[in-house]
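Here is the structure we will look at.
The values are calculated or read from the model by the stated rules, or taken from the named source; none is laboratory data. These figures come from a predicted structure and were not determined experimentally. Virtual Cβ from ideal backbone geometry, glycine too; neighbours counted across all protein chains shown. Remember, those area values only see protein heavy atoms, side chains included, never the ligands or the DNA or RNA. Shrake-Rupley method; radii C 1.70, N 1.55, O 1.52, S 1.80 Å.
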Amino acid sequence: QVQLVESGGGLVQAGGSLRLSCVATGKPFSMYSMGWFRQNPGTEREFVGSISRDGNTNDLVAAVKGRFTISRDNAKNTLYLQMNSLKPEDTAVYYCAAKAGLPRTERFSYIYWGRGTQVTVSS
């Protein structure tokens, strides 16, 4: 079992930055590939980014490439999402998730989820 807790969300103006964190407890963090997803009410949870167990391989959805960075610190059991040049369309609840094996974009492949942190970007 892995417990995930996100933090770092908030209200920010367009063009601003936020850094989300996701702290993992339970089984060794380094065993899992990690992902960030986001969701707005009435919409499906969508993939934002993923990172491999060793942090050497990562992927970001096209809409955030060049603005967001995904990283992890296995010594601190923490996943990060650095979000720069935020846009109103980035507004959502952001979730971190863990899966065994290689990182994937499909949300159904992730087995552990946090409760999410709200990010609101005002125009």
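Which of the residues belonging to the range 89-123 are assigned to a loop (DSSP other than H, G, I, E, B) and either at positive phi or among the basic types (K, R) (or both)? Give the derivation first.
Going through the range 89-123, the residues assigned to a loop (DSSP other than H, G, I, E, B) turn out to be 91, 100-106, 110-111, 114-116, 123.
The answer is G101, R104, R115, G116.
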Qualifying position, being within 12 Å of R38 (Cα to Cα) and either among the aromatic types (F, W, Y) or surrounded by 12 or more Cβ atoms within 10 Å (Cβ to Cβ) (or both), among Y95, Y112 | Y95
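Would you check if E46 is open to solvent by 50 Å² or more (accessible area, probe 1.4 Å), under 21 Å from S122 (Cα atoms) and either under 11 Å from the mean Cα position of the chain (by Cα) or of a type in the set (S, T, N, Q) (or both)?
Values: open to solvent by 50 Å² or more (accessible area, probe 1.4 Å): yes; under 21 Å from S122 (Cα atoms): yes; either under 11 Å from the mean Cα position of the chain (by Cα) or of a type in the set (S, T, N, Q) (or both): yes.
For E46, the condition - open to solvent by 50 Å² or more (accessible area, probe 1.4 Å), under 21 Å from S122 (Cα atoms) and either under 11 Å from the mean Cα position of the chain (by Cα) or of a type in the set (S, T, N, Q) (or both) - is met.
Scan the range 1-16 for residues that are open to solvent by 50 Å² or more (accessible area, probe 1.4 Å), in contact with a strand residue (DSSP E or B) (Cβ under 6 Å, 6 or more places away or on another chain) and modelled with pLDDT of 95 or more and jot them down. Please lay out each step first, then the result.
The first filter runs over the range 1-16 and keeps only residues open to solvent by 50 Å² or more (accessible area, probe 1.4 Å), leaving 1, 3, 5, 7, 11, 13-15.
Now drop any that are not in contact with a strand residue (DSSP E or B) (Cβ under 6 Å, 6 or more places away or on another chain), which leaves 1, 3, 5, 7, 11, 13-14.
Selection gives Q3, V5, S7, L11, Q13, A14.
Do we have T69 as open to solvent by 60 Å² or more (accessible area, probe 1.4 Å) and touching a Leu at 6+ places or on another chain (Cβ under 9 Å) here? Explain how you work it out, then say what you get.
Values: open to solvent by 60 Å² or more (accessible area, probe 1.4 Å): yes; touching a Leu at 6+ places or on another chain (Cβ under 9 Å): yes.
Criteria met by T69.
Which residue out of K99, K76, K65 is farther than 23 Å from A24 by Cα and charged (D, E, K, R)? Steps first, please.
Working: K99 fails: farther than 23 Å from A24 by Cα; K76 fails: farther than 23 Å from A24 by Cα.
Sole residue among the options that is farther than 23 Å from A24 by Cα and charged (D, E, K, R): K65.
Is it the case that the range 80-88 has a residue that's part of a loop (DSSP other than H, G, I, E, B), over 17 Å from A62 (Cβ atoms) and out of contact with any His (no Cβ under 9 Å at 6 or more places or on another chain)? Talk me through it step by step, then tell me what you get.
Our first condition is that a residue be part of a loop (DSSP other than H, G, I, E, B); within the range 80-88, this holds for 84-87.
Filter once more, keeping what is over 17 Å from A62 (Cβ atoms): none.
No, because not a single residue in the range 80-88 is part of a loop (DSSP other than H, G, I, E, B), over 17 Å from A62 (Cβ atoms) and out of contact with any His (no Cβ under 9 Å at 6 or more places or on another chain).
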Can you confirm whether the range 77-87 contains a residue that is exposed (fewer than 13 other Cβ atoms within 10 Å of the Cβ) and more than 10 Å from the chain's Cα centre (by Cα)?
-> no
